[in-house]
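A short write-up of the structure that comes next.
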Amino acid sequence: MAIALSRTQMQRGRWSRVVPFLQRLSPAAKLSLVIVFCLSLPLIAPRWLAPYDPTAVAPSEIFQPPSARHWLGTDQFGRDILSRLIYGARNSLTLGLVSVSLSVLISVPLGLAAGYYRGPLDAVTMRVVDIVMAFPGILLALVVIAILGPGLTNAMIAVGIGEAPAYTRVVRGSTLVVREQSYIEAARAIGTRDYRIIKDYVFPNVIQALIVIATVGFAVAIVIGSSLGFLGLGAQPPAAEWGTMVSDGRNYLRTEWWISAFPGATIGMVVLAINVLGDALRDILDPRLR
Amino acid sequence: MVRFILHRVLQSILVVFGVLVIVFLMVHLVPGDPAQVLFGDAPVPKAQVEEVRHALGLDQPLPFQLARYLHGAARGDLGRSLKTDRPVASDLARAIPSTAELAIAAMALAVAGGVFFGIVSASSRNTWLDSGVSILALLGISFPTFWTGLLLIWLFSVRLEWFPITGQHSLRHLVLPAVTLGWYAGAILARLVRSGMLEVLGQDYIRTAWAKGVTKRRILAWHALRNGLIPVITVASVQFGTLLGGAVVVETVFARDGVGRMLVLAILQKDFPEVQGAVLILALAYSFSNLLADLFYGFIDPRVRYG
């Protein structure tokens, strides 16, 4: 092996690993990747994609079924469903991204420190995690919403805090395994400081488990976020958000089914795609979790 | 065994205490003055706020207030609703049966369905049946409960008119909510049972059973199932928690007057004592089910006790 690789060679090395990685994905996982990619497009510029203003009320256009004019129909205020879905993608996916980032930011330092140092710090952290996890599923997010009040930003914080304990458990669990490895002992033997060991040796080896749980967590965050929207505790009207849109149409199921159907199907499709991707990632990155 | 039970019960007591402290602190964590928070957004004369502050003991030191809250909670006194002035405990007493009925029915469906489909799918690995179960499970995990609920309402209540849309007075009212809620938990269990069974079916003692001519049915039901089911108990108890959380959404979809619906309405109305009561009951129910599952787990799998 050549010891001195040029910078371009190293970069090519990194990119050339992406292609075989993609090839290892199953057809379903590839399709999921495409779906997630397409639905992320509105994140950048919904204005270019949406045919109408998502909040424009048009009394003459209410309850229009899907047509050439309104591809997915209009709701009880005459707002274009497709446009609202596209703008809603931004709200719903941002909620997922922000809350997952928040969970990661809370859980990584806590989990690494608890798992690496063990002792009283670990005991206290894990007891607190136990207590917080006694509020299952959406309940912890509801507690945070009750404290902060309803709203999209608060929903992001609520979901982020609500899912953090589960992340902390995973990070700590992986850290416990890594800290017993002989390369950590070697690092300690040559006098590396704890901070550097955690940053350079432990963290990179925890990151795979973190990626797996963050992917699944992204799907969970979208579900909980849209559930909060559905309950009227997340994004507030007239903002377009997928869960809120489903709730808008629930009284018109009998005749104007499209109001709820399209946003609901979109949430289901995104979450399904992310879950399929998460399964594929887990099989590749961390076969032990299978 | 006694040591294990004692340890586990102590741990539960610690968790319950922590839950009580968090629920108590909720009012104090709201940005602003707790006494004012209790009035919501309504403009109230300052003297009246002071009066409430004194009456509820909010002018006393925090640890003292906590002791008072715990003392009240221990006697079943969870305060009064700010909107209706009814005792929170009596509102809860009215709401709990509906939620309990829903949670138990959903859990029964989830366990029965999860175990059944898990076994079917493991014993016919890589066939269309296996794929069908996997897809059904993936849909159950991915669709948010409010969406599954609306789909079921649309199909079975609006189109086919088999079941009533909302309400909670008969067994027929219970079917759709229980299926909605049970599908998710059942999907997770089915996947777990499938992988657990596949692992067990690869073991030596199963091959021995095949070799001595045991029938397939008996191998599945007798040799494999017992060991494949062990992890199911833990996950089922975790799923029971998710299910209690999910009840909040499902009760809203189907307009059932349970604890979850009570919680959502209370949050929207800023009725803090009601929020605290509902959160407390759901968290306690979950802690209790976890304790039972762990004890049962320790009972059937000795490794847990000495682990």
Q) Is the shape of the range B:146-303 best called rounded, prolate or oblate, per the rule: a/c under 1.5 gives rounded, else a/b larger than b/c gives prolate, else oblate, with a ≥ b ≥ c the square roots of the Cα gyration tensor eigenvalues? A) oblate
Q: Whole number in Å², please: accessible area per residue of chain A, 1.4 Å probe, ligands, DNA and RNA not counted.
A: 49 Å²
Q) Say each of B:Val49 and A:Ile207 gets a label point 7 Å from the Cα, pointing the same way as Cα to Cβ; how far apart are those two points in nm? A) 5.1 nm
Q. Nearest 0.05, what FRET efficiency do B:Ser134 and B:Leu62 give at R0 = 41 Å with Cβ-Cβ as r?
A. 0.20
Q: Specify the angular offset, from 0 to 90 degrees and rounded to the nearest 10, of the alpha carbon long axis of helix A:7-16 from the longest principal axis of the alpha carbons in chain A.
A: 60 degrees
Q. For the protein assembly as shown, what % of the accessible area comes from carbon and sulfur atoms, probe 1.4 Å?
A. 66 percent
Q: Assuming a ≥ b ≥ c are the square roots of the Cα gyration tensor eigenvalues, decide whether chain B counts as rounded (a/c under 1.5), prolate (otherwise, with a/b larger than b/c) or oblate.
A: oblate
Q: Please give the per residue accessible area of chain B, computed with a probe of 1.4 Å over protein heavy atoms only, in Å².
A: 50 Å²
Q | Cα centroid separation, the range B:92-158 to the range B:263-288 (Å) | A | 26 Å
Q. Pairing the Cα long axis of helix B:259-268 with the longest principal axis of chain B, what angle in degrees results, from 0 to 90 and rounded to the nearest 10?
A. 40 degrees
Q: Take the Cβ-Cβ distance between B:Arg75 and A:Val57 as r, set R0 to 45 Å, and report the resulting FRET efficiency rounded to the nearest 0.05.
A: 0.30
Q: Determine the shape class of the protein assembly as shown: with a ≥ b ≥ c the square roots of the Cα gyration tensor eigenvalues, call it rounded for a/c under 1.5, and otherwise prolate if a/b is greater than b/c, oblate otherwise.
A: rounded
Q: Leaving ligands, DNA and RNA out of it, rank A:Leu233, B:Leu129 by accessible area with a 1.4 Å probe, largest first.
A: B:Leu129, A:Leu233
Q. Anyone know which of A:Ala155, A:Ala50, A:Ala219 comes out most mobile in the 10 Å Cα GNM of chain A?
A. A:Ala50
Q | Helix-only mean residue ellipticity at 222 nm for the protein assembly as shown, each DSSP H run of n ≥ 4 adding -39500 (n - 2.57), per residue, nearest 500 | A | -24000 deg cm²/dmol
Q: Pop out the ³J(HN,Hα) list for the range B:289-295 in order, Karplus 6.51 cos²θ - 1.76 cosθ + 1.60 with θ = phi - 60°, rounded to Hz; leave Gly and Pro as x.
A: 5, 5, 4, 4, 4, 5, 5
Q. What accessible area, summed over both chains, is buried at the B-A interface (1.4 Å probe, Å², nearest 100)?
A. 3600 Å²
Q) Can you give the charge dipole size of the protein assembly as shown about its Cα centre, rounded to the nearest 20 debye, using +1 on the beta carbon of Lys and Arg and -1 on the beta carbon of Asp and Glu? A) 2000 debye
Q.
If I model a spin label at B:Leu14 and B:Lys216 as a point 7 Å from the Cα along the Cα→Cβ vector, what separation in nanometres do I get?
A. 4.9 nm
Q: Pop out the ³J(HN,Hα) list for the range B:242-249 in order, Karplus 6.51 cos²θ - 1.76 cosθ + 1.60 with θ = phi - 60°, rounded to Hz; leave Gly and Pro as x.
A: 4, 5, 5, x, x, 4, 4, 6
Q: For the range B:2-88, evaluate the Debye formula with one uniform point scatterer on each Cα (no solvent term) and list log10 I(q)/I(0) at q = 0.14, 0.17, 0.20 Å⁻¹, rounded to two decimals.
A: -0.59, -0.81, -1.04
Q: Name the residues whose placed amide hydrogens come within less than 5 Å of the amide hydrogen of B:Arg80, ignoring near sequence neighbours (fewer than 5 apart) on the same chain.
A: B:Val88
Q) Residue farthest toward the positive end of the dipole of the range A:28-289, with Cβ of Lys/Arg at +1 and Asp/Glu at -1: which of A:Leu253, A:Ile207, A:Tyr87? A) A:Ile207
**Q.** Sequence of A:Ile44, A:Ile267, B:Ile141 when ordered by accessible area, the most exposed leading, probe 1.4 angstrom
**A.** A:Ile44, B:Ile141, A:Ile267
**Q.** the range A:160-222-the range B:162-241 distance, computed between alpha-carbon centres (Å)
**A.** 32 Å
Q: Any aspartates and glutamates with Cα under 15 Å of the A:Lys30 Cα? List them, leaving off those in the same chain fewer than 8 positions away.
A: A:Asp279, A:Asp283
Q. Any idea how far apart B:Leu155 and B:Ser170 come out in nm if each label point goes 7 Å out from Cα toward Cβ?
A. 2.3 nm
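The values are calculated or read from the model by the stated rules, or taken from the named source; none is laboratory data. This is a predicted model, so every value here is computed, not measured. In this analysis, Cβ positions are derived from the backbone assuming ideal geometry, glycine residues included, and neighbour counts consider all displayed protein chains. When the accessible area is computed, the model is the full protein with side chains, heavy atoms only, and any ligands, DNA or RNA have been set aside. Shrake-Rupley method; radii C 1.70, N 1.55, O 1.52, S 1.80 Å.
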